[in-house]
1. Could you go through region 273-280 and let me know if any residue there is open to solvent by 60 Å² or more (accessible area, probe 1.4 Å) and in contact (Cβ under 8 Å) with a residue 60 or more places away in the chain.
2. Could you list all residues from region 189-236 that are in contact with a helix residue (DSSP H, G or I) (Cβ under 6 Å, 6 or more places away or on another chain), closer than 12 Å to T177 by Cα and open to solvent by 20 Å² or more (accessible area, probe 1.4 Å)?
3. Collect the residues in region 137-156 that are part of a helix (DSSP H, G or I) and either of a type in the set (D, E, K, R) or not assigned by TED's automatic domain parsing to the domain that holds A108 (or both), keeping them in residue-number order.
4. Which members of region 54-79 meet the condition of being over 18 Å from the mean Cα position of the chain (by Cα) and either at pLDDT below 95 or open to solvent by 40 Å² or more (accessible area, probe 1.4 Å) (or both)?
5. Take the residues of region 185-199 that are free of Cβ contacts under 8 Å to residues at least 60 places away in the same chain and part of a helix (DSSP H, G or I): which is farthest from the ligand (Cβ to nearest atom)?
6. State which residue is most open to solvent (accessible area, probe 1.4 Å) when the search covers only region 145-184 and only residues that are in contact with a Phe, Trp or Tyr (Cβ under 8 Å, 6 or more places away or on another chain) and more than 15 Å from the ligand (Cβ to nearest atom).
7. Are any of the residues in region 125-137 touching an Asp or Glu at 6+ places or on another chain (Cβ under 7 Å), at pLDDT 95 or above and within 16 Å of the ligand (Cβ to nearest atom)?
8. For the structure I just gave you, tell me whether G249 is away from the ligand (no atom under 14 Å from the Cβ), closer than 16 Å to L276 by Cα and part of a helix (DSSP H, G or I).
Amino acid sequence: MPRCFGGVAGPSATMVHFGCGDDLGKGDFVRTIDWVDGRVRLIDQTRLPMEEVWLDLESVESLAEAISSLRVRGAPALGVAGALGVALAARLAREKGEDIGEAVSNAAELLASTRPTAVNLAWGINRVKKIHDPERPESVDELINEARSMVAEDEEINRLIGEVGVDMFEAGSRVMTHCNAGALACVAHGTALSVVEAAYKRGLVAEVTATETRPLLQGSRLTAWELGRMGVAHRVTIDSGAAGLIASGEIDVVVTGADRVAANGDVANKVGTYPLALAAKAKGVPFIVAAPLSTIDFDTPDGSAIPIELRAESEILEMNGIRLAPEGTRAYNPAFDITPAEYVSAIATEAGVVRPDELRSLLP
Ligand code: MRU
């Protein structure tokens, strides 16, 4: 696999490197996103699995572009991306002698507007944004350090989710997962795939079925790539075949991630999650959601209050720029759907596994 290291051109981005180098990406894949030399480094998920391309982003606009176009995606990774983006804005403004408070607010606003459903994005942005204090110049370094600390924190939290969630698996489990809730959706390990990885290491996993997933085949491209690297037996199925597969008795447990869990336990996750939960309930198959505490939004009472991101119609109506549907046909292209709490068997977090109606027990 070619391993490349490049820059991406956003509205005000500077191309910093381009081409393939021998120095990066060697050995095991480490972190999906990180802060390196004052820039945001991330793996371009739109290029996987054919190419492993790392981008060094040195403008907030190029990071916003990377988020909107799913170069970086997945709720926990978005939380870290938001925090690092605000840190980047503060660093650049200080270097250029610009108003740091204004740069931080503008970056926060731009980044938060890119993807509304994943609550981690706003959570990550707000966590670092509030550190800036115009009266204290040293607060810029504190802000940057906080954002950087979130990278390692995310890694540890997701490792813990696997450790905690693994107890729900039985020997010989035939698992289904949706979209990509793996290392690529976080800094490392993943949420749903962290549980799968921990179960696999204990010899509990017979096979994983990954759904294809809209709009960019996150399951076929990313989840399959991660499962292959782990050595887990796996296959891919079409999204519209997944509920039928559960009904046929070929799946023992469904485990997904979440973009936001409302206070009542309703779950927003990649569109197509809801039918899996319905089928799982009908068949008596456990439906487990694996998510960090930062994905639980106690300020959102239930799923009806979660904003659902609507993506460009062209993602459905065209393929590689070629029109598929007749001219004039419109498209409805939601990125997420809501699974009511009653269909969720358990939520696995770094602080323990709870039923959806027990979420408040996780609060300190
Ligand atoms: O549109 P995406 O690819 O960002 O959607 C991602 C998902 O729905 C994931 O399941 C969710 O973010 C959890 S990632 C650990």
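The values are calculated or read from the model by the stated rules, or taken from the named source; none is laboratory data. Model, not experiment: these values are computed from the prediction. Virtual Cβ from ideal backbone geometry, glycine too; neighbours counted across all protein chains shown. These accessible areas exclude ligands, DNA and RNA; they are computed on the full protein's heavy atoms, side chains included. Shrake-Rupley method; radii C 1.70, N 1.55, O 1.52, S 1.80 Å.
1. Checked region 273-280: at least one residue is open to solvent by 60 Å² or more (accessible area, probe 1.4 Å) and in contact (Cβ under 8 Å) with a residue 60 or more places away in the chain.
2. E212, H234, V236
3. Once the filter is applied, which keeps residues that are part of a helix (DSSP H, G or I) and either of a type in the set (D, E, K, R) or not assigned by TED's automatic domain parsing to the domain that holds A108 (or both), region 137-156 yields D141, E142, E146, R148, E153, D154, E155, E156.
4. Within region 54-79, E58, E61 qualify.
5. Here the residue is A199.
6. R148
7. no
8. In short, no.
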